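Below is one structure, written out as structure tokens, with a few remarks after it.
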Amino acid sequence: MANPLQFAFRTQKTIGVFDAAPVYEALPGFVKPEGNLRCCVYSPCGRYFAYATNDGVTIVDASVGHILSSLPLATVNDLGFSPRGSFLITLERPAKDENGDATKNLKVWRTIEDLADGVDKQPIGQYVQKTQSGWNLQYTSDEAFCARIVTNEVQFFNSNDLRTVWNKLCIEGVADFAIAPGQNRNVAVFVPERKGQPAAVKVFNVPQFTSPISQKTFFKGDKVQLKWNGQGTSLIVLAQTEVDKSNKSYYGETNMYLLSANGSFDARVTLDKEGPIHDVAWSPNSKEFGVIYGFMPAKTTIFNHRAVPTHSFSIAPRNTIIFSPTGRFVLVAGFGNLAGQIDVYDLEKDYAKVCTIESGNPSVCSWSPDSRYIMTATTSPRLRVDNGIKLWHVGGGIMYNEEMVELYNVLWRPALSSSPPAGDPLHPVPIPHASALAYLGTVKTPSKPAGAYRPPGARGALTPLHFKREDEGGAAHSVSNGTPSIGPNGFGRPRRQIPGAEFAEGSGVPGAAAAGTAAEGDESLSRTALKNKKKRGKKAPKEGEAKAAGGPEGGLAPPRESATGFSHDGRSPERRGPHQHSRSQSRNNLPNRNRSNTQRGQSQSRPGMNQNDSSQSLPQGGAPVAVVDPAEAANQSANAKKMRSLQKKIRAIEDLEMRLAGGEKLEDTQMKKINTKSVVIKELESLERE
């Protein structure tokens with residue numbers, strides 16, 4: 001007979017056990033404890049319920065609520081049961097004894113013999129456990145063996161004799177392991193990347209640890225989640241890195257692999273949408289699994305046991321997938337920073353959608369053991385407001401609602417899978433509790449569908465595709481992959497554009513086409529090039545006017561004088577000597593400030609570089625004149641740039657020669673660079689002769 005629906009909860013002040021449908025009332029025989037309540041848990045078989053307070057650990061009969069036994073342990077932080085409820089495991093706060101050694105804070109107790117009243121209660125095993133992650137022992141389904149991980153090995157024990165290590169699986173660097181459920185006594189171990197070697201997942205049969213029966217090696221695996229199916233015949237490995245080197249995600253990169261326990265199949269699961277893997281879950285039938293993956297809005301796909309996709313749901317913002325205990329339904333939901341919508345699908349009716357539940361902002365979501373109800377709860381410390389529990393029928397209606405103050409934990413009472421419920425979960429629809437009707441009366445139904453804000457000028461029009469998600473008909477999500485944005489010609493900054501508007505024809509500069517200054521070929525220029533061309537166009541008429549007025553050639557006018565007869569440098573023309581140029585001209589004739597004195601002397605004495613030739617820079621009349629040929633100036637600029645580069649190479653080679661003469665051992669690439677000195681000098685001399 002199946003256990004009646006029941007759930008337990010822990011709040012700031014109390015722990016409660018509650019009978020769900022159809023009575024919706026507290027368990028009559030259970031006395032609610034008060035005080036500092038640390039944790040509570042059901043046994044996997046559903047027979048026992050245990051909780052820890054400052055006074056100790058209490059074991060309760062889950063059916064009637066009566067206390068079976070208690071343990072005088074005042075500092076217990078966590079509790080756990082073996083699969084059949086035969087053993088209770090407690091984890092106390094780490095401490096040290098008088099000698100400074102760590103105390104054994106992980107203890108194992110027999111549930112029946114050791115916890116009965118009047119019996120001297122002593123643990124059958126105790127160990128030192130420093131971390132709370134992965135603290136509990138892992139048992140085989142028949143509770144014949146259990147295991148725990150220590151440095152570089154996994155220790156196996158006979159469940160009735162935990163004081164002696166029965167066998168060891170020694171693997172250097174082992175970081176995680178998982179014992180398979182079902183009748184197959186298999187264990188999977190994970191070894192992360194180290195010393196350039198790839199990460200590895202290996203499957204062994206207990207106790208034959210000489211060679212693995214199945215294994216998979218891969219890179220990009222700092223940590224993994226090992227997920228066995230219900231029968232223990234296939235294993236999903238969800239690998240994740242701490243940092244995504246492609247800069248596509250803040251949360252690292254994820255990959256998924258599928259292994260068979262007998263070694264007949266192993267492969268990487270290929271996903272057809274770019275982005276992280278949000279969630280993966282096995283179906284209770286052990287023949288298929290579901291994956292949610294890709295950048296939001298994400299894609300949800302059902303795969304068979306050979307990693308072949310069989311069905312894909314519509315793209316939507318979802319990150320959680322949970323199969324019902326009977327395997328008939330699957331819920332696909334979006335929690336966390338998503339809207340909290342829950343889609344329920346019926347797998348027996350060709351993946352037909354049953355309903356969509358607006359659950360708000362829950363942090364807990366789970367199926368009831370009979371697959372008829374879905375529990376959602378908002379808990380602390382994630383949210384300290386709006387805490388409470390809601391029960392939903394699989395058809396979408398709310399059945400029960402209770403608000404609480406600082407709800408910390410809520411969980412269903414498990415039921416044995418060997419007793420499946422009878423009847424159709426969808427029909428008939430049960431009568432909701434009065435609290436559900438009161439909740440529906442407080443929910444405000446908006447008269448108009450809520451949407452994004454629109455400015456007055458955009459109201460009444462259709463939403464442009466740029467503002468729509470992919471599941472609403474918009475463009476697919478794209479990631480820049482860390483590459484900076486560039487202009488349409490492969491360089492420069494990208495064009496500024498109003499979302500939804502088309503690019504202007506011709507130039508990418510706003511207003512360029514309207515001004516009428518765009519010529520043929522301007523569309524291939526960058527924004528900076530067009531701006532400089534426009535400045536040159538404005539400067540050309542002024543230079544022509546200066547030439548017509550009798551000014552010096554080259555468009556450089558003499559210093560402008562004020563009405564008092566003084567120029568802008570503060571001296572009269574008579575007092576300025578023939579070699580005293582204006583400030584701008586002197587600055588232009590100065591050599592490059594970034595070059596050394598040696599370079600400056602070389603460039604001044606170089607033929608063709610007439611920086612000190614006064615016969616060309618100053619005419620007989622003493623007025624400064626600059627005769628510039630555009631082609632010659634461009635050629636001289638290119639040659640000067642090449643010469644500076646070659647001189648830099650020569651200095652680097654001379655530096656390497658000094659290091660070699662000092663006895664320093666140079667690399668092969670540095671020696672090859674020294675051998676190229678003669679070639680560089682010849683190239684520099686050829687440029688100087690031009």
Checklist entry - Over region 258-373, what per residue volume does the convex hull of the Cα atoms give, in whole Å³? => result 109 Å³
Checklist outcome for this item: So, relative contact order of region 1-83 in percent, Cα under 8 Å, 6 or more apart, is 22 percent
Next on the checklist: Please report the spacing between the Cα centers of region 174-188 and region 645-668 in Å, no decimals.
Outcome noted: 60 Å
Item to check | Anchor LYS665: lysines whose Cα lies under 21 Å away (excluding residues fewer than 8 positions away in-chain) | outcome: LYS649, LYS673, LYS677
Checklist outcome for this item: Expressed as a whole-number percentage, the relative contact order of region 238-372 with C-alpha contacts under 8 angstrom and at least six residues apart is 13 percent
Item to check | Cα-Cα separations in region 632-690 greater than 13 Å, expressed as whole percent | outcome: 64 percent
Item to check | Separation between Cα centres of region 302-371 and region 224-282, rounded to whole Å | outcome: 19 Å
Checklist entry - What does the charge count near PHE209 come to, summing +1 for each Lys or Arg and -1 for each Asp or Glu among other residues with Cβ under 14 Å from its Cβ? => result +1
Checklist entry - Where does each of 277-283, 101-107 land if you order them by average Cβ count within 10 Å, highest first? => result 277-283, 101-107
Item to check | Set of lysines near LYS534 by C-alpha distance (under 19 Å), chain-local residues within fewer than 8 positions excluded | outcome: LYS542
Item to check | Total formal charge among the other residues, if their Cβ is under 9 angstrom from that of VAL189, Lys/Arg +1 and Asp/Glu -1 | outcome: 0
Item to check | Candidates per trypsin sites (Lys or Arg not before Pro) in region 1-72, loop by DSSP, up to 10 other Cβ within 10 Å | outcome: none
Next on the checklist: So, taking all protein chains as they sit and a 1.4 Å probe, how much accessible area belongs to ARG454, in Å² rounded to tens?
Outcome noted: 70 Å²
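Compute the signed sum of charges (Lys and Arg +1, Asp and Glu -1) over the other residues within less than 11 Å, Cβ to Cβ, of LEU391. Can you show the working numbers first?
Working: positive: ARG372, LYS390; negative: GLU402.
Here the count lands on +1.
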Checklist entry - Across the Cα atoms of region 120-227, what radius of gyration and what greatest pairwise Cα-Cα distance (Dmax) are found, in Å? => result 14.5, 53
Checklist entry - Which entries of LYS220/LYS273; LYS531/LYS641; LYS107/LYS130 show an alpha-carbon separation above 21 angstrom in the structure shown? => result LYS531/LYS641
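The values are calculated or read from the model by the stated rules, or taken from the named source; none is laboratory data. Treat the numbers as computed from the prediction; the structure is a model and nothing was measured. Backbone-built Cβ (ideal geometry, glycine too); neighbour counts: all protein chains shown. The area values use the complete protein model at the heavy-atom level, side chains included, leaving out ligands, DNA and RNA. Shrake-Rupley method; radii C 1.70, N 1.55, O 1.52, S 1.80 Å.
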